[in-house]
Amino acid sequence: MQDTRYTLTCELVEHGETITLAQLCRSAGVHVEWVTLLVEHGALEPVAPRERQWRFAVAHLPRVHIARRLAQDLDLNASGIALALELMDEIRQLRGRLSAHEAPDER
């Protein structure tokens, strides 16, 4: 039996913090060009898009990981990823609205 050991490194950040484009790419295991495509297609939005060096809300990390999985598992391109993420956001919002309107005894 082969003994395989892995080291996991993580960095704790505050919810409202921002991260650089390089940090985002490193965390998600993606290239800068790919993130740029996602920004161009509206799937991601930098905190200050007109700045020379983009920064992203930490809350975008899960979105980038989901986008990467959509690309890998479903072979979606950037526009397909943007559409899928938009639809997922809309479903999440509709579910939130629906659960807010449900009476406590109906749940």
Total charge of the residues flanking Ala84 in space, meaning their Cβ is under 15 Å from its Cβ, with Lys and Arg +1 and Asp and Glu -1, is -1
Sparse-neighbourhood loop hits (GluC sites (Glu not before Pro), region 34-107; DSSP loop; Cβ within 10 Å at most 10 others) -> Glu51, Glu102
Measuring from the longest principal axis of the C-alpha atoms of the chain, the long axis of helix 60-74 (C-alpha) lies at a number of degrees, nearest 10, equal to 80
With label points set 7 Å from each Cα along the Cα-to-Cβ direction at Arg52 and His65, the distance between them in nm comes to 3.3
Under a Gaussian network model of the chain whose springs join Cα atoms within less than 10 Å, the largest fluctuation of Leu74, Leu61, Leu38 belongs to Leu74
Taking the chain and counting helices only, DSSP H stretches of n ≥ 4 at -39,500 (n - 2.57) each over all residues, the nearest-500 ellipticity at 222 nm comes to -17000 deg cm²/dmol
Surrounding charge for Ala28, neighbours by C-beta under 12 angstrom, Lys/Arg +1, Asp/Glu -1, total +4
Compactness summary of the chain: radius of gyration and Dmax from Cα atoms, Å, are 17.3, 56
Per residue, accessible area of the chain with a 1.4 Å probe, heavy atoms of protein chains only, in Å², comes to 80
With the 8 Å Cα cutoff and a minimum separation of six or more residues, region 22-107 has a relative contact order in percent of 26
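The values are calculated or read from the model by the stated rules, or taken from the named source; none is laboratory data. Please read all numbers here as calculations on a predicted model, not as lab measurements. Every residue, glycine among them, receives a Cβ derived from its backbone with ideal geometry; neighbour counts consider all protein chains shown. SASA here: full protein model, heavy atoms, side chains in, ligands and nucleic acids out. Shrake-Rupley method; radii C 1.70, N 1.55, O 1.52, S 1.80 Å.
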